[in-house]
Amino acid sequence: MGSEMFIRDRYYTGSVQPILDSKGCTGCHATSGPAGGLALDSFESVHSGIVHGSVLDRVGREPGEPGFMPQGGTKLSQDQLDILQGFSGMECP
């Protein structure tokens with residue numbers, strides 16, 4: 001179990017978090033006053049938003065479509081979308 005947690009945490013900090021930071025997601029979706037009630041600044045909140053929320057749907061939309069995220073930004077690359085999709089399969093304690 002310890003190695004699974006290590007792998008999961010490394011994947012988040014090394015792959016997922018940099019995407020969210022570089023796309024500006026955490027600027028609007030921080031724990032202090034998160035837009036739409038969705039925080040994306042911790043492992044648990046990101047995992048919940050991806051698994052139980054609409055994060056993958058919203059970032060997978062085309063620019064100009066209603067609900068597209070990141071709002072005012074550019075579409076995530078397929079590699080970035082794949083990373084977020086991979087994160088959705090990881091267990092969260």
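Sequentially through the stretch 22-37, phi angles give Karplus couplings (6.51, -1.76, 1.60; θ = phi - 60°) of 5, 8, x, 4, 6, x, 9, 10, 9, 4, 7, x, x, 4, x, x Hz, Gly and Pro residues having no value and appearing as x. Remark: the chain projects, on average over all directions, an area of 5.8 nm² (convex hull of Cα atoms). The value of relative contact order for the chain, using C-alpha pairs under 8 Å at least six residues apart, is 24 percent. Using the alpha-carbon centroid of each, what span in Å lies between the stretch 54-93 and the stretch 1-25? If you average the Cα positions of each part, the centres end up 15 Å apart.
Pop the C-beta distance of D21 and S48 into the FRET formula with R0 = 22 Å and round what comes out to the nearest 0.05. Could the numbers behind the result be given before it?
Numbers: r = 18 Å, r/R0 = 0.83.
Approximately 0.75, to the nearest 0.05.
Roll a 1.4 Å probe over the protein chains and send me the accessible area per residue for the chain in Å².
For the chain, the per-residue accessible area is 59 Å².
Along the Cα-to-Cβ line of T31, 7 Å from the Cα, sits a label point; which residues in the stretch 46-64 have backbone N less than 17 Å from it? Hits in the stretch 46-64 for T31 at 17 Å: 46-49. Taking only protein heavy atoms and a 1.4 Å probe, the accessible area of the chain is 54% carbon and sulfur.
The values are calculated or read from the model by the stated rules, or taken from the named source; none is laboratory data. Quick caveat, the model's predicted, so the values are computed rather than measured. Ideal geometry is used to build each Cβ from the backbone, glycine not excepted, and the neighbour counts take in all protein chains shown. Please note that ligands, DNA and RNA were not included when accessible areas were found on the heavy atoms of the full protein model with its side chains. Shrake-Rupley method; radii C 1.70, N 1.55, O 1.52, S 1.80 Å.
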